[in-house]
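Please treat every number below as a calculation from the coordinates, not as lab data. Note that the coordinates shown come from a computational prediction; the quantities given were computed from them, not determined experimentally. Because the Cβ atoms are built from the backbone with ideal geometry, glycine has one as well, and the counts that use them run over all protein chains shown.
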Number of protein chains: 2
Amino acid sequence: MNLKELASRLGLSPTTVSRALNGYPEVNEATRERVMAAAKRHNYHPNTRAIRLATGRAMAVGHVIPVATRHEIVNPVFADFIAGAGETYSRNDYDMLLSVVPDDQEEAAYRSLKSKGNVDGVIVHAPKMNDPRIALLHDIGLPFVVHGRATGTTLPYSWLDVNNRRAFQRAAEFLLDLGHTRIALVNGLEFMDFAIRRRTGYEGALSARGIAPDPALMSSDEMTEIAGHRAARRMLALPLRPTAFMVASMISGMGVRRALEEAGLQMGRDISVIIHDDDLSYMKNGEDVPIFTATRSSVRDAGRLAAEMLLDLIANPGPVPQQRLLEAELIIGQSTGPCLRL
Amino acid sequence: MNLKELASRLGLSPTTVSRALNGYPEVNEATRERVMAAAKRHNYHPNTRAIRLATGRAMAVGHVIPVATRHEIVNPVFADFIAGAGETYSRNDYDMLLSVVPDDQEEAAYRSLKSKGNVDGVIVHAPKMNDPRIALLHDIGLPFVVHGRATGTTLPYSWLDVNNRRAFQRAAEFLLDLGHTRIALVNGLEFMDFAIRRRTGYEGALSARGIAPDPALMSSDEMTEIAGHRAARRMLALPLRPTAFMVASMISGMGVRRALEEAGLQMGRDISVIIHDDDLSYMKNGEDVPIFTATRSSVRDAGRLAAEMLLDLIANPGPVPQQRLLEAELIIGQSTGPCLRL
DNA sequence: AATCGCCTTCAAACCGCTTTGGATGGCGCA
DNA sequence: TGCGCCATCCAAAGCGGTTTGAAGGCGATT
């Protein structure tokens with residue numbers, strides 16, 4: 001069942017039927033209702049491929065996922081971000097296009113998305129310092145929203161980010177208030193922008209209290225259980241072990257916890273831990289009472305909002321970028337307590 | 001730059017240019033090369049929207065992701081499966097379409113995907129017992145491959161699955177051989193097909209050695225850290241505690257490990273644990289030496305293969321379903337050892 | 001020399017929708 | 001009565017490719 005057939009059944013022209021269904025004013029309300037009813041009765045759905053060609057819009061948003069040939073790290077927060085964004089797209093009748101490409105072909109992927117006309121815009125994930133994708137997308141004229149920010153970029157662009165600096169600053173202050181002075185940072189890879197900002201917040205809080213950040217208490221690695229465990233283990237073996245840990249993610253935090261338990265330390269009593277909690281649906285931080293004290297910010301909400309920003313940008317193009325900074329909550333859980341060796 | 005313009009620059013008809021680029025035989029090799037060169041030089045990429053309308057093919061595959069309104073569980077293995085499938089699609093110039101819908105609108109989502117012509121086929125995730133989606137997709141005539149199987153379904157259909165029954169049977173036998181008799185099962189939700197099969201394998205192995213499965217030693221819940229912890233904790237409090245655990249996933253396993261450590265038990269010495277390892281890229285089971293003894297099967301490979309099956313099914317339609325059963329490896333790690341109370 | 005057939009190429013129809021630019025008829029108003 | 005203006009509807013031209021059916025050119029065959 002297509003437009004032409006539906007039109008002929010109704011004794012109308014395709015023009016009128018199309019307009020009736022799309023809510024144009026120049027059609028009699030009585031006929032509009034007749035058309036609507038017939039469309040429902042015959043289970044008519046306009047062919048998306050034809051709409052796309054005719055309107056020149058793709059009605060789709062792209063997400064390019066680079067897969068590293070060596071590391072093969074698929075970001076664990078990715079699934080939740082996508083779920084959030086996907087809800088927004090569904091609500092607005094947009095499709096979500098995932099493009100999984102080897103990381104050395106990422107630029108080509110964006111270019112092809114644009115020149116083949118598959119999408120109306122893209123979301124940029126995991127920005128790095130001086131991320132080249134921003135200039136690229138500017139160049140080729142593909143609307144985009146960055147999830148995060150890219151330090152060093154001078155071009156204006158739209159982004160949605162969590163205030164990672166302030167979150168880690170507050171978390172560090174919270175630990176300092178509890179009397180901790182040897183606070184370790186188990187950070188993500190520091191070519192990622194958010195990791196840089198988190199370190200800045202951590203160092204700022206320490207410095208403000210006259211504590212010089214100690215390189216031995218700072219690590220930067222992938223946010224896996226293994227890496228979290230490794231980092232914590234190393235630091236716990238120091239002559240002057242830390243009395244508190246700040247950890248980049250829930251999963252890293254589980255590795256840290258394992259190291260603590262191996263060392264016979266009880267979390268929250270002997271030693272304090274604060275993690276960043278992306279509020280992943282499959283990795284909840286406890287049920288009623290949070291296991292970890294955490295800086296929390298839902299990555300799923302971020303997905304929802306970033307998608308909304310992008311759709312808005314597509315509908316209302318203009319040179320003015322949209323920017324939105326979300327604050328993380330500081331959730332008090334069972335993993336922090338006063339420093340024992342005052 | 002479009003076909004018509006490229007053609008006029010070359011002094012050829014659009015027909016010939018189109019054929020030259022698409023490798024049709026009825027075009028002079030010399031002109032084909034001339035066309036190819038010009039296409040590259042002018043950076044010509046055919047407009048996907050036009051191709052789709054003209055050919056009637058969507059050149060896209062859909063994945064419908066239902067989000068439960070209450071539980072809000074986004075399957076953690078999902079990201080890796082998608083990454084694998086996405087590689088296959090990219091290689092074959094197919095798009096991957098993700099449709100995130102409330103779980104009570106899943107049927108409508110499939111119907112709409114079909115009637116609007118957005119995709120040529122779909123992958124069905126997380127099949128349940130007597131899964132209604134199989135009959136539905138049969139009905140509406142949308143090619144599909146199921147990741148897993150659906151017990152109780154009589155219709156023939158294409159699937160790719162891991163031999164979950166045998167994997168858990170072998171794992172149980174391995175524990176039995178080590179002298180364990182009180183073996184606990186921390187399973188996933190048992191309306192999921194794979195969870196049912198795992199339990200069958202587990203029970204079969206016990207029964208074959210004359211051990212009656214003990215309901216107190218079997219739990220079925222979401223595969224989260226919290227749920228794993230809760231189940232293990234409950235079982236460890238039994239008068240006759242288990243000496244070994246079989247656990248449905250890496251994440252559940254971390255919860256079990258936490259319960260063991262709280263009980264002062266050392267994994268691999270005091271008590272044994274076998275998990276199922278989906279080989280997630282962000283959740284590796286150790287580096288050189290596996291932390292957990294595990295039944296392992298890469299969900300990413302499964303994604304790659306399922307996507308290949310589907311593309312094949314789309315290219316060569318026919319009534320003969322394709323089916324493929326993958327075997328899981330049994331990986332010996334540090335979390336298992338002989339039963340102490342022989 | 002006429003015919004045949006192959007190799008190339010092309011014009012035009014088509015995919016299913018949107019949208020522009022009329023056309024038609026009824027109505028109010030002078 | 002005549003005119004202009006809406007309200008309503010339609011024919012046709014796109015959108016940018018693919019594909020069908022046909023035609024031109026040329027060497028080989030008879």
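Some observations on this one:
- Electrostatic tally near A:A259: other residues with Cβ closer than 14 Å to its Cβ, Lys and Arg +1, Asp and Glu -1, net +2.
- Note on the stretch A:8-95: dipole from Cβ charges, positive end direction compared against A:V35, A:A50, A:V61; the farthest Cα belongs to A:V35.
- Inter-chain neighbour count for A:46-56: the average number of beta-carbon atoms from partner chains within 10 Å of each residue's beta-carbon is 6.
- GNM top mover of B:R91, B:R165, B:R57 - chain B, alpha-carbon springs below 10 Å: B:R91
- Entries in A:K114/B:K114; B:K4/B:K116; A:K128/B:K284; A:K114/B:K116; A:K4/B:K4; A:K40/B:K114 that, when Cα-Cα distance is taken, lie over 19 Å: A:K114/B:K114; B:K4/B:K116; A:K128/B:K284; A:K114/B:K116; A:K4/B:K4
- When each of the peptides B:319-326, A:232-239 is scored by how many other beta carbons lie within 10 Å of its residues on average, the order from highest to lowest is A:232-239, B:319-326.
- Rounded to the nearest 20, the size of the Cβ-charge dipole of the stretch A:164-297 about its Cα centre is 320 debye, with Lys and Arg at +1 and Asp and Glu at -1.
- On Cα atoms only, tilt of A:299-315 relative to the major axis of chain A in degrees: 40
- Potential extension, B:D270-B:T55 segment - 0.36 nm per residue separation minus Cα distance: 71.0 nm
- Less than 5 angstrom separates the built amide H of A:L189 from those of A:D221, A:M223, all sequence-distant by 5 or more or on a different chain.
- Whole-angstrom gap from the stretch B:273-338 to the stretch A:1-56, using each part's C-alpha centre: 48
- Partner chain coverage, peptide B:238-247 - average Cβ within 10 angstrom: 0
- Between the stretch A:132-188 and the stretch A:251-272, the Cα center-to-center distance that results, in Å: 27
- Comparing A:P242, A:P46, A:P132 in a Gaussian network model of chain A, where Cα atoms under 10 Å apart are tied by springs, the biggest mean-square fluctuation is seen for A:P46.
- In order along the stretch B:243-257, phi translates into HN-Hα couplings of 9, 8, 10, 10, 10, 6, 7, 4, 5, 4, x, 5, x, 5, 4 Hz, rounded to whole numbers, per the Karplus curve 6.51 cos²θ - 1.76 cosθ + 1.60 with θ = phi - 60° and x for Gly and Pro.
- Placing +1 on the Cβ of every Lys and Arg and -1 on the Cβ of every Asp and Glu, with no other charges, gives the protein assembly as shown a dipole of roughly 760 debye about its Cα centre.
- Extension gain, A:R34 back to A:T200 (0.36 nm per residue minus Cα-Cα distance, nm): 53.4 nm
- Label zone at B:H42, where the point sits 7 Å out along the Cα-to-Cβ direction: the stretch B:4-25 residues whose backbone N lies under 18 Å: B:4-23
- B:R91/A:L340 FRET efficiency (R0 56 Å; Cβ-Cβ; nearest 0.05): 0.45
- Exam field: A:R57 pseudo-label spacings to other copies (7 Å along Cα-Cβ), nanometres: 2.8
- Computed from the Cβ-Cβ distance with R0 of 45 Å, the FRET efficiency linking A:L178 to B:L238 stands at 0.75.
- Inter-copy label distances at A:P156, using a point 7 Å along Cα-to-Cβ, come to 6.2 nm with the shortest given first.
- Each other copy holds its own label point for A:D139; taking that point as 7 Å from Cα along Cα to Cβ, the gaps run 5.1 nm, nearest first.
- For B:S281, distant residues with modelled amide H under 5 Å away: A:V74
- Ranking B:L206, B:P290, B:A328 by how far each Cα lies toward the positive end of the dipole of the stretch B:187-342 (charges on Cβ) leaves B:L206 at the top.
- Inter-chain Cβ neighbour average for residues A:89-96, partner chain, 10 Å: 4
- Mean residue ellipticity (222 nm) of chain B, computed from DSSP H runs ≥ 4 via -39,500 (n - 2.57), nearest 500: -13000 deg cm²/dmol
- With the simple model of a label 7 Å out from the Cα in the direction of the Cβ, A:A315 to A:D301 spans 2.2 nm.
- What you get for the stretch B:132-228, charging only the Cβ of Lys and Arg (+1) and of Asp and Glu (-1), is a dipole of about 300 debye around the Cα centre.
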